[in-house]
Structures are given as C-alpha cells and as structure tokens.
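Beneath this line is the structure, given in structure tokens, with notes to follow.
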Amino acid sequence: MLSAFVSAFRTPDLRRKLLFTLGIIVLYRLGTYVPAPGVSYENVQQCLAESGSADLLTMLNMFSGGAMFQLSVFALGIMPYITASIIIQLLRVVIPRFEELHKEGQSGTAKLTQYTRYLTIGLAIMQSAVVITVANSSLFLGCTVDPFPDTSAGMVLLAILSMTAGTGLIMWMGEQITERGVGNGMSILIFSGICASFPPAMGQVLRSNNGVQNLIFIIALFLAITVVVVFVEQSQRRIPVQYAKRVVGRRTYGGSTTYIPIKINMANVIPVIFASSLLALPTMAMQFGDPTAGWVIWLSQHYNQTSPLYLATFALLIIFFAFFYTSITFNPEEVADNMKRYGGFIPGIRAGAPTARYLKNVVTRITWVGSFYLATIALIPTIVFNQLGITMMAFGGTSIIIIVGVGLQTVKDIDAQLQQRHYEGFLR
C-alpha cells in the first residue's frame, strides 16, 4: 500500500489532485476557527469549558468539525447541502418534472444540482438564524456568559449572512474536490470534520473516571466494528451474465461471460447521513417553541441518545433510506434493457421483463441485509456507551460507518486512477 501511495504521488496528474484535495481540507479546517461577526471568542471558549449541549447538537457539531460550537463562519458545515439533497431526491418521487430531468442525463442532472444549491442557501439562512437565536440560551447548557453579546438587528443579520456565505463556500469546496480532486467532495469534508473531533474526544475520555480503561475499550470496539465494516463493504453478490456471439460484417462480437456485482450495502454511508440529518430537525424545532410547552418537553425527553424511541426511529430511518437510495441508484429495468440490447442474458432467466424481476428480487433481498447491517453498526456503539455512561458521539457507529465508508471509496477512486496508469493499486 505504501509503494502504491508513493506511485500515486509520482504521477503528476494524480499528485495534483491529491494536493488539491488536501489544500481544500486545510482551508476548510482553518475556516472552522474563524468566528462569525458579533461572536465573542473568549466567551465561546469559556462556554465550551464549563457547559454541555444536547446530544443531537453534539452530532451536528461533529459533522461540522467542531465549527458549530465555535460559532464560526462554517458553523453549519455541510448539513444544509445534505438536507437539500434529501429534499430534491424525495421530490423526484412526487414531481414528474424532477424525474424527467434526472433521465435527461448530464443537462438534467446539472439543473437538479442548481436547484439543490438554491435550496441549500435557503436552508442555510434558516439554520443560521436558529443558531444565532439559540446561541445565548440553548446552544451551551449552563453557560454563565453570552457567546453572542451584541444582539442588535444589524449584527444578527451580519452573522446570518456570514454563516450562509460560509455554507455556500463549503458547498463550492466540496464540488471542487469532486471535479478536480479525489473522491466525493462532500463526503471527504464530513470525513475530515469527524476525524478532527477524535483528539478532543479521546482527551475527554482520559479525563473521566476509569479513563484509561474506557479509552482502551472504545478503541477495541472501534477496531472490531471497522473490521466488520470493511468486510461487509467489500462483499458483493455476483450475478453471472452471458453474452451471445454476434457477427457484424467480418467481426465477431460477444461470446464472453461476465457478472453484475451487487454490493450488500449499495447505499454506502448515505442512509446514515440522511437519517442523522432528519433526526436533527426535532432539535431545531424545539428552539422555536416555548420551553414549558408540552410538545417541547416531550421531544426533549424522547429524542436523545438514551431514548428507545430515538434509537428505534434512527434504525427505521436508516432502513428506509437504504431502500430509497438503492431504488434510485439501481434501476433493474434499465439494466435488463441494456443487457438485452447487447445480447446479454442471465443463465436460466429469459431476457427482458423476467430479468428485471429477477434483479429486483435479488437487490431487495440484499438490501434487507445491508439495511439491517447499517442500523446495527450505527446503534451498537450508542447502546454500549449508554450502558457504560459514556457519551462520546465521535466514537459512535455513525462516525465509524462514515469514516470507513468514505475511506474505502476514496481509496478505490485512487486505485482506479492508478490502474489506468498501469500502476499496482492500493487494493489487492
């Protein structure tokens, strides 16, 4: 692997992409420490030292790489873009025009991407207003100073505009990594934010009771889950495909045997990210309500990391989004039509509609396994840590799945580019 990594840097084009990606990550990390206008950096640091926060706000802070609790210009992170992507993909099911745009190819996808950007800015305005509104009350529980001292209308508006512009800049950074760097830009930014939260989390564990024992246990659990995730992510069902011989002019085509690789987890980390994003909405809703209202009290009691209702909702959302995203990314009818067009068929299965039904049944059965795998991996660390009294969001199942999934996908992208240049890749 190290020799392949050296080979990657020896390739000029790939080296530029890797350095470009690393440069964007560095800029992203620097931006998380630039406070928004009107924010008192000293008061924020005091609040971080003497207070806590809600579990779901802690999760949002983890996804933003610690920027939310710093009240920086990047406080919202990439979450508005993820939420906008969820909404646009859901609208494809209910709005025929969006589905038509998706089928139009590159031009239609570009139009949907533009809609996603507009919606991202709208959500960023709303979410930044919420963050600024609750900065002095609910963001830091038990804080004795105001992290946002100047609450005048002009300063609040300037802070909202700054955070919204920060979200737009992050969105642009992610798109630049996707186009000119290595891997999926949005996933890599989330990956870097989660990794940045590890050192503070480890220090917090060491300062707690039985800190060394708890840290050893967490690392062991982390490594064990990582092994399982790597094994499952590399597993696939191979459906054999036979191509009949065709004679075109003086040339003979086909006559080969190949397979369709279907991963157990075709949706990768997307269901976990989508589910985490939706579960953040009740916390945002509570900030607008009266703290003494019945629905606010009910949400605060039932939507936290120790609540069975929260855990069950999280698992169901993961399963739902696993099926939803798989149905969007894998179309059995389209695959069957392409096979039929080029003379391919699955042994024992007639071409056309029977092949589409067969593929749909196989994908459905595999997706059940993959969705339960995602839900189990996401919930096991949370349940174990709740029993031990440890509230470490950075070491949760969501973090592990995202880190391992994004890491594997990025390595595969680098490996594919190395293979194109006749180098031996990372993966054996």
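For the set ILE349, ILE177, solvent exposure ranked by accessible area (probe 1.4 Å, protein chains only) runs largest to smallest as ILE349, ILE177. Computed over the alpha-carbon pairs of the chain, the distance histogram in 10 Å steps reads 4, 18, 28, 27, 14, 6, 2, 1, 0 percent, short to long. Counting only protein heavy atoms, what percent of the accessible surface of the chain is carbon or sulfur at a 1.4 Å probe? Its accessible area is 63 percent carbon and sulfur atoms.
For VAL94, the accessible area of its heavy atoms, probed at 1.4 Å with every protein chain present, is near 100 square angstrom.
Placing unit charges on the Cβ atoms only, positive for Lys and Arg and negative for Asp and Glu, gives the chain a dipole magnitude near 2340 debye about its Cα centre.
The distance linking the stretch 123-186 with the stretch 69-90 is 9 Å (Cα centroid to Cα centroid, whole angstrom). Across the stretch 77-135, counting alpha-carbon atoms alone, Rg and Dmax equal 13.4, 44 Å. Taking a ≥ b ≥ c as the square roots of the eigenvalues of the Cα gyration tensor, the stretch 337-391 is prolate, since a/c reaches 1.5 or more and a/b is larger than b/c. What figure in square angstrom, to the nearest 10, would you give for the accessible area of TYR303 with a 1.4 Å probe? Per-residue accessible area (TYR303): approximately 40 Å².
In the full protein context, the stretch 88-131 carries 58 Å² of accessible surface per residue, based on a 1.4 Å probe and ignoring ligands, DNA and RNA. Between ILE132, SER300, GLY344, the Cα set farthest toward the positive side of the dipole of the chain (charges on each charged residue's Cβ, about the Cα centre) is that of GLY344.
Rolled with a 1.4 Å probe across the full set of protein chains, the surface gives CYS195 an accessible area near 50 Å². Note on surface exposure: LYS245, LYS111, LYS412 rank LYS245, LYS111, LYS412 by accessible area, highest first, 1.4 Å probe.
Taking a ≥ b ≥ c as the square roots of the eigenvalues of the alpha-carbon gyration tensor, the stretch 122-249 is classed oblate because a/c is 1.5 or more while a/b is no larger than b/c.
Helix 332-341 and the longest principal axis of the C-alpha atoms of the chain enclose an angle of approximately 30°. Taking the chain as a whole, the Cys residues whose C-beta sits 4.7 Å or farther from every other Cys C-beta are CYS195. With respect to the chain, whose longest principal axis is taken over its alpha-carbon atoms, helix 106-134 is tilted by about 20°.
Angle of helix 41-50 to the longest C-alpha principal axis of the chain, folded into 0 to 90 degrees and rounded to 10: 90°. Ranking of LEU101, LEU157 by solvent-accessible surface, largest first: LEU157, LEU101 (1.4 Å probe, protein heavy atoms only, all chains present). The lysines whose alpha-carbon is closer than 22 Å to the alpha-carbon of LYS111, local same-chain residues fewer than 8 away aside, are LYS103.
The values are calculated or read from the model by the stated rules, or taken from the named source; none is laboratory data. Source: prediction; values computed, not measured. Glycine gets a Cβ as well: all are built from the backbone with ideal geometry, and neighbour counts include every protein chain shown. What goes into the accessible areas is simple: the full protein's heavy atoms, side chains included, and nothing from ligands, DNA or RNA. Shrake-Rupley method; radii C 1.70, N 1.55, O 1.52, S 1.80 Å.
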